[in-house]
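Take a look at the structure set out below.
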Amino acid sequence: MSFSKKILTSLLPLAFAGGALADTVTAELEFTKRPPFAGLIYLVDNKSTNSQITIDQKDKQFTQKLQVGSSGQQIKFNNSDNVEHNIFTNETKHSANFDVGLMQPGATSEVALNWQENSIVRIGCKIHPKMRAYIANILSDYYQVLDFEKKKKNYQIQIKDVPSNLTTMNLLMPGYKSMEFELQPGETKEVPISKKGKQRGTLKLSRQ
């Protein structure tokens, strides 16, 4: 299993404007049943992520389960497959609706990320209904993409170099209730993970 994360490259603990100290957030997720397809945990900031959103297709699959961006960015779709694809989404609850049309092998297409912030939407292919991936719209450079496995129920991650003034965290997972909580420097806490009103696991957090 691999996690994809975005962190600052500087190792200096006092590298942030206003002298804010840098913290490390450690999270442990434990599911009672099979985990979701993917997820995202992040600290809420007030600036756009620096991620470049490029989504590729190969062997009738999206090459990444979840991509991260911010409102106003362009999403670039590549078709590196040897068959046609037609990528779309229609999630009205998040005001997400696009259809790139038929993409020949080797073709590219772009759409704007313009749906609700602090949400993830599912994308699919009209030609290959088993294909799926997700795109998140967040304001943060401090996040971790969660690439879950079907049979693995326990996960540990870290988000490093977090400014101490960022204390609001979100956990987003398809089909699960979105979670927002506060985590202060030096604090530890445990919160339930719920799906359709039933607890399906726990999230343990610490910040040092």
### Query
Can you pick out the pairs among LYS151/LYS196; LYS47/LYS152; LYS93/LYS189 whose Cα atoms lie more than 24 Å from each other?
LYS47/LYS152; LYS93/LYS189
## Note on the structure
Rounded to the angstrom and largest first, Cα extents along the principal axes for the range 80-182 equal 47, 33, 26
### Task
With a 10 Å radius around each residue's Cβ, average the other Cβ atoms per peptide and rank 43-51, 83-91, highest first.
83-91, 43-51
### Summary
One would report the antiparallel percent of DSSP beta bridges in the range 42-145, rounded to the nearest 5, as 70 percent
### Task
Enter the accessible area per residue of the chain (Å², integer; probe 1.4 Å; all protein chains in place).
52 Å²
### Message
Can you give me the Rg/Rh ratio for the chain, using Cα atoms for both radii and the Kirkwood formula for Rh?
### Response
0.98
### Task
Identify, among TYR134, VAL25, PRO192, the residue whose Cα sits farthest towards the positive end of the charge dipole of the chain, taking +1 on the Cβ of Lys and Arg and -1 on the Cβ of Asp and Glu, with the dipole about the Cα centre.
PRO192
### Task
Tally the DSSP beta bridges in the chain and give the antiparallel ones as a percent, rounded to 5.
85 percent
### Task
Quote the relative contact order of the range 90-208 in percent (integer), defining contacts as alpha-carbon pairs under 8 Å separated by 6+ residues.
14 percent
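The values are calculated or read from the model by the stated rules, or taken from the named source; none is laboratory data. The structure presented is a predicted model; accordingly, all values stated were derived computationally and were not measured. Positions of Cβ are backbone-derived with ideal geometry, glycine not excepted, and every protein chain shown enters the neighbour counts. When the accessible area is computed, the model is the full protein with side chains, heavy atoms only, and any ligands, DNA or RNA have been set aside. Shrake-Rupley method; radii C 1.70, N 1.55, O 1.52, S 1.80 Å.
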